[in-house]
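The values are calculated or read from the model by the stated rules, or taken from the named source; none is laboratory data. What you see is a predicted model, and the numbers here were worked out from it, not measured in a lab. Neighbour counts are summed over all protein chains in view; Cβ atoms, including those assigned to glycine, are modelled from backbone coordinates with ideal geometry.
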Amino acid sequence: MKRSLFEFQAGAWTLRLGRETKIMGVLNVTPDSFSDGGAYADPGRAVVRALEMEREGAHILDIGGESTRPGAPLVPVKEEIRRVLPVLKRLRGKVSIPISVDTSKWEVAEAALNEGAVIVNDVTALRSGGKRLAKLVARRGAGLVLMHMLGTPLTMQKKPVYRDPAGEVCGFLKRAIGVALEAGIPRSHLVVDPGFGFGKTPAHNMELLAGFSRFASLGCPLLAGMSRKSFIGSVLGGSVLGAPVGDRLYGSLAAAAAAIERGAHLLRVHDVAAHRQVAAFTDAVLLTKENR
Ligand code: HH2
C-alpha cells in the first residue's frame, strides 16, 4: 500500500517518513532483556554497539534500561537512570542520529532528554508516566512513541483475549493520541505502535501484522517492533517454543517486509544491517508500484 508521508519532529530533528523506511536500532543496556540481556550492560560495550549500529545505517538509536519482556520485574527509577545515563553521556557528540529513550518513567525521560535524547519511546502510551511525562515531552519538543500493551509486562501474557485485535489496538492508540494532543504534544511529534508481543498470543500478533494497514487510519507514522520476538519463533517452529531467539533473524526480516508493505514507516530492530537491506528492497518495490 502507499504510505502516507509525514515529517516527524523530535527536538531539533525532522525525519521525513513514508518513502524510505527508517530503522530504529535497539540498544538494551539491561542485564535481562529477552534477546541481548547483559551484552551491552557495560557502558563501554554499549557505546561500541551504538556506533556500530550507526555505521550499519540505523536512523535512530533506542536506548533502554528496563526489560519489558513477559514477566520482567519493574526497575526502580534510580537504577534505570544509572544504566542509561552513562551511555548517553558517552555518546554525546559521537553520534549524528537522533537518540530515543525506551522508558515509561518521567524521571528517566527527563534525565535522558537532558543528556541529548530527543524521543521518548513509551511502551505504556502515557499510562505509567501520565500527565508529568506528557507535559515533559510537550515542553521539551521531544518526539513520543505511543505503544499498545494489554496490562503490564508482569501480567500481559496471562491469557490475553481480543475479539478484534487490530480494531481494539486501533481504538486504544486513538485514545492515547487524544491524551497526548490534550497535553499539548503536537501530532507531528507522535508515532504509534501496536506493540507486537505485549499482551498478545502468536495468533494475535499475526492478526496485527496481517491487518497492519488498518493502523493508517490513525493519522500518525507507524512503528513495528517484531525483531526476534517469540511469535516469530512460534510461527516458524510450529509450537509455542518454536525457533530459539538466535534463530529468528530470517523470520524477523520476512515480518519486516510484510509490515512495510502494509504501511510501516519505522522498524525497531536488533539486526540493523540486515533490516536496512530488506527495507531498501521493499521500499523499491513500493516505489515501482507507485510509479507504474
Ligand atoms: N519492544 C520491546 C521494547 N520496547 N518499544 C516499542 N515502541 N515497540 C516494541 O515493539 C518494543 C519496544 C521489547 O524488545 P527488547 O527491547 O529487545 O526486549 P526487552 O524488553 O526484554 O529489553
*Identify, from the list 208, 222, 190, 133, the residue that is over 30 Å from residue 242 (Cβ atoms), surrounded by 23 or more Cβ atoms within 10 Å (Cβ to Cβ), among the aliphatic types (A, V, I, L, M) and in contact with a Phe, Trp or Tyr (Cβ under 7 Å, 6 or more places away or on another chain).*
133
*Just one of (1) within 16 Å of the ligand (Cβ to nearest atom); (2) surrounded by fewer than 24 Cβ atoms within 10 Å (Cβ to Cβ) trips up residue 18, so point out which.*
(1)
*asked:* Being more than 21 Å from residue 163 (Cα to Cα), hydrophobic (A, V, I, L, M, F, W, C) and touching a residue at least 60 places away in the same chain (Cβ under 8 Å) is true for just one of 279, 258, 183. Which residue is that?
replied: 279
*asked:* Looking at the structure I just gave you, is residue 24 surrounded by 20 or more Cβ atoms within 10 Å (Cβ to Cβ), under 16 Å from the mean Cα position of the chain (by Cα) and assigned to a helix (DSSP H, G or I)?
replied: no
*Only one of these conditions is not met by residue 32: (1) among the charged types (D, E, K, R); (2) buried (at least 18 other Cβ atoms within 10 Å of the Cβ); (3) over 19 Å from residue 280 (Cβ atoms). Which number is it?*
(2)
_Of everything in region 263-281, what is closer than 30 Å to residue 37 by Cβ, touching a helix residue (DSSP H, G or I) at 6+ places or on another chain (Cβ under 9 Å) and buried (at least 17 other Cβ atoms within 10 Å of the Cβ)? Give them in sequence order._
264, 267, 269, 270, 271, 272, 274, 275, 276, 278, 279
*Would you check if there is a residue in region 176-189 being part of a loop (DSSP other than H, G, I, E, B), under 30 Å from residue 113 (Cβ atoms) and within 13 Å of the ligand (Cβ to nearest atom)?*
no
_Name the residue that is farthest from the ligand (Cβ to nearest atom), counting only residues in region 150-175 that are free of Cβ contacts under 8 Å to residues at least 60 places away in the same chain and hydrophobic (A, V, I, L, M, F, W, C)._
161
*Within region 95-114, can you find the residues that are part of a strand (DSSP E or B) and more than 18 Å from residue 148 (Cα to Cα)?*
99
*asked:* Looking only at region 152-173, count every residue that is farther than 20 Å from residue 70 by Cα and of a type in the set (A, V, I, L, M) and tell me the total.
replied: 2
*Which one of 117, 41 is of a type in the set (A, V, I, L, M), modelled with pLDDT under 95 and either more than 16 Å from the ligand (Cβ to nearest atom) or in a loop (DSSP other than H, G, I, E, B) (or both)?*
41
*Number of positions in region 223-278 that are out of contact with any Pro (no Cβ under 8 Å at 6 or more places or on another chain) and under 30 Å from residue 9 (Cβ atoms)*: 30
*Is it fair to say residue 66 is of a type in the set (Asp, Glu) and touching a helix residue (DSSP H, G or I) at 6+ places or on another chain (Cβ under 6 Å)?*
yes
*Quick check: is even one residue across region 58-65 surrounded by fewer than 17 Cβ atoms within 10 Å (Cβ to Cβ), modelled with pLDDT of 95 or more and acidic (Asp, Glu)?*
no
*Quick one: would you say residue 75 is within 17 Å of the chain's Cα centre (by Cα), hydrophobic (A, V, I, L, M, F, W, C) and under 26 Å from residue 156 (Cα atoms)?*
no
*asked:* Here is a list: 195, 242. Which entry is under 27 Å from residue 49 (Cβ atoms), buried (at least 18 other Cβ atoms within 10 Å of the Cβ) and modelled with pLDDT under 95?
replied: 242
*Could you please give the count of residues in region 53-94 that are under 27 Å from residue 21 (Cα atoms) and not in a loop (DSSP other than H, G, I, E, B)?*
13
*Counting only residues that are of a type in the set (Lys, Arg) and buried (at least 20 other Cβ atoms within 10 Å of the Cβ), how many does region 142-183 have?*
0
